[in-house]
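The values are calculated or read from the model by the stated rules, or taken from the named source; none is laboratory data. Here the structure is a predicted model, which means the values were calculated and not measured. Don't worry about glycine lacking a Cβ; one is built from the backbone with ideal geometry, like all the others, and counts go over all protein chains shown. Each accessible area value is taken on the protein alone, full model and side chains, heavy atoms only, with ligands, DNA and RNA left out. Shrake-Rupley method; radii C 1.70, N 1.55, O 1.52, S 1.80 Å.
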Amino acid sequence: KKFEYLKVGRCGEENKVAFIELYRPKALNALCNGLMLELNETFDWIDNDNTIGCAVITGSEKAFAAGADIKEMQPKHFSEVYRDNFLEHWNRITRLRKPIIAAVNGFALGGGCELAMMCDMIYAGEKAQFGQPEIIIGTIPGSGGTQRLPRLVGKSKAMEMVLTGDRIGAEEACKFGLVSKVVAPEKLVDEAIKTADRICQHSPLIVKMAKEAVNASFEMTLAEGVHFEKRMFHQTFATSDRREGMTAFVEKRKPNFSNE
Ligand code: HXC
């Protein structure tokens with residue numbers, strides 16, 4: 001399908017990886033409403049197509065995304081944003097049941113940083129820059145920046161970023177746990193696709209359970225979380241793929257997963 005603000009395709013060794021490139025070069029991939037609607041349509045496709053196992057989302061060398069579209073927001077008033085629940089639909093990505101990897105080159109600012117944090121992991125190019133600069137334009141992060149960032153990098157670094165609006169580079173982001181891998185810019189997308197391909201080798205059904213269990217850790221107490229995990233672990237024993245995986249190990253062969 002042709003989109004105005006995205007390039008969407010499939011890649012990976014077995015063509016099981018959905019590939020999304022944010023493509024609004026004139027505005028450093030600022031996340032206008034049209035772009036977000038196209039993204040959400042793409043997420044519906046990814047979740048509904050059983051031949052897709054994992055997704056990778058990236059931007060350009062210069063910008064992953066420079067934030068929400070400031071020119072769209074500038075004229076808005078409280079009554080409008082509250083009444084229409086402005087940006088509520090940005091959360092769609094958090095309901096994606098398949099893994100999605102953000103490959104960040106260049107700027108990931110404001111809503112761009114928040115979008116990356118709503119992905120399951122972030123890989124960064126060496127020149128990537130992360131920031132929550134909303135304070136500079138008289139507002140605060142509105143799509144999880146004040147909530148996900150402290151969980152990922154700790155309170156002091158999150159406060160520093162949210163209160164100053166200053167950016168951090170890829171190495172610092174990696175040191176603080178916002179990013180799990182830093183690579184040369186030109187190798188970044190391939191590296192993300194390589195990881196996506198690794199994920200696609202496993203049972204898609206069990207991958208969903210693993211993602212759901214890890215995400216539960218952000219919402220529950222430790223006791224609730226380990227209880228939830230144990231239940232999910234037991235549930236894997238109701239699947240054919242659990243039996244196949246363990247049988248293949250015992251028989252010293254590769255598993256052949258059925259997604260059942
Ligand atoms: C709209 C944007 C934009 C944005 C860049 N552009 N960021 N348009 N919204 N967030 C546009 C510029 O207006 C300009 O277009 C073109 O992209 C190139 O940008 P320049 O500023 O000329 O580029 P450069 O000098 O390289 O500076 C790059 C930059 C700067 C440091 C990233 O653009 C910048 O500070 N952008 C704003 C970053 C930001 O504040 N993001 C947070 C937004 S608030 P024209 O046509 O004018 O030349 C937010 C709230 C989230 O995200 C709330 C919940 C989701």
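Could you give me the residue pairs with C-beta distances under 8 Å whose first residue belongs to the stretch 186-211 and is under 13 Å from V56 (Cα atoms), whose second residue is part of a helix (DSSP H, G or I) wherever it lies, and which are 6+ apart or on separate chains? Between residues of the stretch 186-211 that are under 13 Å from V56 (Cα atoms) and residues that are part of a helix (DSSP H, G or I), the close pairs are I199/V207.
Hey, among V189, V182, V162, which residue is over 30 Å from K254 (Cα atoms), touching a strand residue (DSSP E or B) at 6+ places or on another chain (Cβ under 9 Å) and at pLDDT 95 or above? First the steps, then the outcome.
Working: V189 fails: over 30 Å from K254 (Cα atoms); V162 fails: touching a strand residue (DSSP E or B) at 6+ places or on another chain (Cβ under 9 Å).
Result of the check over V189, V182, V162: V182.
When A173 is tested against (1) under 22 Å from L87 (Cα atoms); (2) of a type outside the set (S, T, N, Q); (3) open to solvent by less than 10 Å² (accessible area, probe 1.4 Å); (4) part of a helix (DSSP H, G or I), just one condition goes unmet, and that condition is (1). If you go through the stretch 14-56 and keep only what is open to solvent by 50 Å² or more (accessible area, probe 1.4 Å), touching a Lys or Arg at 6+ places or on another chain (Cβ under 9 Å) and under 13 Å from C200 (Cα atoms), you end up with K16, T51.
Please specify each residue of the stretch 176-198 satisfying the condition of being in a helix (DSSP H, G or I) and open to solvent by less than 30 Å² (accessible area, probe 1.4 Å). Break it down into steps so the answer makes sense when it comes.
Here is the first cut: in the stretch 176-198, the residues in a helix (DSSP H, G or I) are 185-198.
Residues satisfying the conditions are P185, L188, A192, I193, T195, A196, D197.
The set of residues in the stretch 103-121 that are touching a Gly at 6+ places or on another chain (Cβ under 9 Å) and either hydroxyl-bearing (S, T, Y) or away from the ligand (no atom under 15 Å from the Cβ) (or both) contains only A103.
Among residues of the stretch 32-50 that are in contact (Cβ under 8 Å) with a residue 24 or more places away in the chain, those with a Cβ under 7 angstrom from a residue that is acidic (D, E), sequence gap 6+ or separate chain, pair up as C32/D69; C32/E72; N33/E72; G34/E4; E38/E4. Every condition in (1) among the hydrophobic types (A, V, I, L, M, F, W, C); (2) out of contact with any helix residue (DSSP H, G or I) (no Cβ under 9 Å at 6 or more places or on another chain); (3) part of a helix (DSSP H, G or I) is met by A238 except one, and the failing one is (3).
Within the stretch 1-41, can you find the residues that are part of a loop (DSSP other than H, G, I, E, B) and under 14 Å from L115 (Cβ atoms)? Show your work before the answer.
Start the filter on the stretch 1-41 by keeping residues that are part of a loop (DSSP other than H, G, I, E, B), which leaves 1-5, 12-16, 23-24, 28-30, 32.
Correct list: Y5, R24, L28, N29, A30, C32.
Count of the stretch 135-169 residues, restricted to those that are open to solvent by less than 20 Å² (accessible area, probe 1.4 Å), outside any loop (DSSP other than H, G, I, E, B) and either of a type in the set (K, R) or within 8 Å of the ligand (Cβ to nearest atom) (or both), is 2.
Tell me which residues, restricted to the stretch 107-118, are open to solvent by 10 Å² or more (accessible area, probe 1.4 Å) and in contact (Cβ under 8 Å) with a residue 40 or more places away in the chain.
First pass over the stretch 107-118, keeping only residues open to solvent by 10 Å² or more (accessible area, probe 1.4 Å): 107, 109, 117-118.
Of everything in the stretch 107-118, those that are open to solvent by 10 Å² or more (accessible area, probe 1.4 Å) and in contact (Cβ under 8 Å) with a residue 40 or more places away in the chain turn out to be F107, L109, M117.
Scoring A124 on the criteria (1) farther than 18 Å from K208 by Cα; (2) within 13 Å of the ligand (Cβ to nearest atom) leaves a single failure, condition (2). For the stretch 84-114: of the residues being in a loop (DSSP other than H, G, I, E, B) and more than 12 Å from the chain's Cα centre (by Cα), which is farthest from D190 (Cα to Cα)? Once the filter is applied, the top-ranked residue is D84. Candidates are the residues of the stretch 42-77 that are part of a helix (DSSP H, G or I) and not charged (D, E, K, R); the one that is nearest to the ligand (Cβ to nearest atom) is I70. Would you pick out the residues in the stretch 47-83 that are over 17 Å from A116 (Cα atoms) and within 18 Å of the chain's Cα centre (by Cα)? If the condition is that a residue be over 17 Å from A116 (Cα atoms) and within 18 Å of the chain's Cα centre (by Cα), then D47, N48, I52, G53 are the ones that fit.
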